[in-house]
Amino acid sequence: MGFVEETKRSLTVAPFECAWGEELRFGEPGRGCVAFEASAHNDVTLVFRQQPGSQHYHYKMDSSRHYTVILGSHRNKRIRIEVDGSTAVDVAALGLCCSSSFQAYWISIYDGLISIGRGRHPNSNLLFQWLDPDPNPNVQYVGLSSWDKHVGYRNISILLPSAPQNSILWSQMEHAYVHSEQRLCCGKRGTRHDSESDQMLLADFLESWDFSDAIFVVGAERKVVPAHRLVLCASGDFPFQVLDGATIELPSVSYPVLHSLLEYIYTGSTQIAEWLLSSLLELSSHFKVKSLVKCCEEVIVSLEADKKFSAPGKLLKLSSSGFQDHKFGSSPLKGPVNSQKIGQFLAHGKYSDINIYVNGHGLVAKGHKLILSLWSMPLAKMFTNGMKESSASDVFFEDVPPEAFFLLLQFMYHGELKVDTQDISVLVQLLLLSDQFAITVLQFECCKQIMECLSEDTVCSVLQAVSSIPSCKLLEEICKRNFATHFDYCTTACTDFVLLDEATFKDILQHGDMTVTSEERVLDAILTWCMGTCETFYWTSVDKLLRTSTPEQLFGKRLSAVGNLLQSVRFPLMQLPKLMRMERSNLANHIQAFRQLVAEAIEFSHAGQWMSTSYECERFQHRRSSYKELQYISDGDSNGVIYYAGTSFGKHQWMNPVLTKNITVVASSPNSRHTDPKALVSKNYQGTCFAGPCIEDGKKLSWWMVDIGKDHQDGSTTFMRSWVLQGSMDGRNWTSLRVHDGDATICHPGQFASWPIVGPPALLPFRFFRVALTGPAAGSVSNAWNLCICFLELYGYFR
């Protein structure tokens, strides 16, 4: 599943409406995936059709071919899929939607297979799958719709299609396994490939002289057939304890019968003429190959029941299907080979033909070239290239961690990974070894276990390892996302991140899930990385160093990366006084990119509400933050800051936040029965609620002020027309967030109205907010300077 550019950050869909757009379009008809977050009481509804509809499109009225997926149908109790307006799926899914927070979902369509899941990563956390028996191959546009309530959508991404599979983690391994199975089913020695990533099969060594240490002398013609004691003794009871130890004489057995026995052991299946079946049963009983004995007996019973269909020359197929004691289906040891016995041979050094040494640790194991070659093509080539390593009885490995190497051997012999997942460093070492020796299945198992125990403390070390391994792109992406979502911790708890390469660090800085508490943290992290030392630097400390040092001396070889990485800092999100300080800094004097970006941010802060379209790139947009995002859905909803404070920030049912002292409300006039702070945030209709006028700086002014705390509509006929919403950090110095002059929006008693905050002020943090009347209100002469509102709510990011 490939990611494309995020299409929309957020939108709200009104009841019975639908949002469309060219950006909400699959790359190819009938195949695509949409990932998104939604907040709703119920009925998060997505429509998929060949052409986009209109704003007032509704799937119930659509006569063209389309799919409709409804999450939280039947008052948030079910998932429903409709095809061309008719219900095709209706299954239970209690509490799927949430109105108090955004939940992540994904919906994939691939040739009629509709998959629905939770989370931001497609093919994970699957909730439901359904295959349309008559697929619609033309669906391409995605419509975001609703039912009887507003639905908020955000972080909507259209993803590239990928074929359905049980797990994206195992997809490549399954692909390789299928091809291995095809080679195995041929029942004969396969063709070796040049690629070191190809895995050999036990079938490749059937009657092969490579690594053979035993022979059968069969029939009157005394035909010599090579074999491997390790394989034979792990499948049955073969008497190699005779004097010569490696030869078994079978003068009364024909070669076809012995071949079928060996083929069954090495490949897991064989075929034999019906008239030779009893001989094969006798031979397999003699050597106690129990699964083949059972298979022969079952076939004989079947033949006796169908004697009229019996034909002595008929070829019978025998298979060990279902008999496999290895954990991984892609193990090269197939059929009746017992992995427990293989592991015992390693422990005791039995039938060993190679002594394995690790530099600095001496002899670590007496191994078997056959087992090592089955798992690792590089080792197989080393043992068969005709050079001195091919005939040597000792092999030395340098610069390999002994604990991880021992786990590698255990995996090869037991077919499963036994490691304490709490020690992620060993898993990383093992992952690197599996890449070095091209053991694909072990790479994927290491990736899986690393993902299960990945944390902010280990993500840097894992990233350093996997960034150079092409087959670990999924793990690399998960690590980058983990780092990005815990950016503050990962860049301040330690400085391991300075060891990341530039491309990896840049990917993190540009990640869509980047989560920070301030842009200064991003700037500090970039400068620390560019310094390349084990010490954390703040931009102010780097600025001081530039008084006596040049950028070349401070940043060395990473100087060229400074300007490139600084583009990821969203300077416009910083306060203007801080930007002015940066403008006068040594950093601005010595580093052109820094000077230009700061100047751009200052210009943006002066642009006010009427900003230019040139300010539409990501640097001028809010990024995900570690604060609580409270997004406007509809007038009078329960998603705002003041309502959230009334729940003690999500801890209990709503109570008036003024009474619980979670917020403070102050008016320009003294408290009275008409100027009641509790009433402003009560969500109840008030016949009269106003703030009277006062004189500020020689001007008449009426205002309501809300203090949301450190760190973290009116029923009268007097309607405000000229007013301003202001924000402040100290309650004294005010910034105008939105100015209204002659705004006639509010014109009915008890009416709701809402306005977005745009431009540079929308990016800044504030503690105090106030609505101030700047001109006489309409509808009353005597009370023209009374600010009459009985409800106020705010939306944004809340700590």
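The values are calculated or read from the model by the stated rules, or taken from the named source; none is laboratory data. Note that this is a predicted model, so its numbers are computed, not measured. Counting neighbours? That spans all protein chains shown, and the Cβs are built from the backbone with ideal geometry, glycine included. What goes into the accessible areas is simple: the full protein's heavy atoms, side chains included, and nothing from ligands, DNA or RNA. Shrake-Rupley method; radii C 1.70, N 1.55, O 1.52, S 1.80 Å.
Return P(r) of region 362-469 (all Cα-Cα pairs; 5 Å bins starting at 0; whole %; ordered from short to long distances). Over region 362-469, the share of Cα pairs per 5 Å bin runs 2, 11, 23, 23, 18, 11, 7, 3, 1, 0 percent. Among the protein heavy atoms, those of K60 account for about 110 Å² of accessible surface (1.4 Å probe, every chain in place).
Given their separation in residues at 0.36 nm each and the Cα-Cα distance between them, W275 and W654 gain 128.0 nm when the chain is fully extended.
For the set K578/K661; K578/K699; K149/K683; K149/K651; K288/K388, the pairs lying more than 27 angstrom apart at their alpha carbons are K578/K661; K578/K699; K288/K388. Working note: 222 nm ellipticity from helices only, DSSP H runs with n ≥ 4, each -39,500 (n - 2.57), summed and divided by the residues of the chain, gives -8500 deg cm²/dmol to the nearest 500.
Computed from backbone phi, the HN-Hα couplings of region 429-446 come to 4, 5, 4, 5, 5, 5, 6, 4, 9, 6, 9, 4, 4, 6, 4, 5, 5, 4 Hz, rounded to whole numbers (Karplus: 6.51 cos²θ - 1.76 cosθ + 1.60, θ = phi - 60°; Gly and Pro given as x). With the highest mean first, a sort of the peptides 661-674, 70-83 on other beta-carbon atoms found within 10 angstrom per residue produces 70-83, 661-674. Largest first, the residues D635, D743 sort by 1.4 Å accessible area into D635, D743. Converting the Cα gyration tensor eigenvalues of region 25-150 into ellipsoid dimensions via √(5λ) gives semi-axes, longest first, of 20, 17, 14 Å. Under 20 Å of direct C-alpha separation, and excluding same-chain neighbours fewer than eight residues apart, K418 reaches these aspartates and glutamates: D325, E403, D435, E445, E452. From largest to smallest, the equivalent ellipsoid semi-axes obtained for region 245-294 from the alpha-carbon gyration tensor read 16, 13, 11 Å. Legend: residues Y795, Y413, sorted from most to least accessible area (1.4 Å probe; ligands, DNA and RNA excluded), read Y795, Y413. Under Stokes-Einstein, with the Kirkwood radius over Cα pairs as Rh, the value for the chain at 20 °C and 1.002 mPa s is 66 µm²/s. Full extension of the chain between V301 and K314 gives 3.1 nm of extra length, using 0.36 nm per residue less the Cα-Cα distance.
When the solvent-accessible area of region 9-111 is split by element, carbon and sulfur atoms take up 48 percent of it, the probe being 1.4 Å. Extending 7 Å from the Cα toward the beta-carbon at both K388 and S560 defines two label points whose distance is 4.3 nm.
Think of a 1.4 Å ball rolled over the protein heavy atoms: region 415-527 then has 35 Å² of accessible area per residue. The mean accessible area for residues of region 49-117, using a 1.4 Å probe and ignoring ligands and nucleic acids, is 42 Å² per residue. Remark: the C534-E696 segment gains 53.0 nm on full extension, using 0.36 nm per residue and subtracting the alpha carbon distance. The alpha carbons of region 91-134 occupy a box of 38, 23, 13 Å along the principal axes, longest dimension given first.
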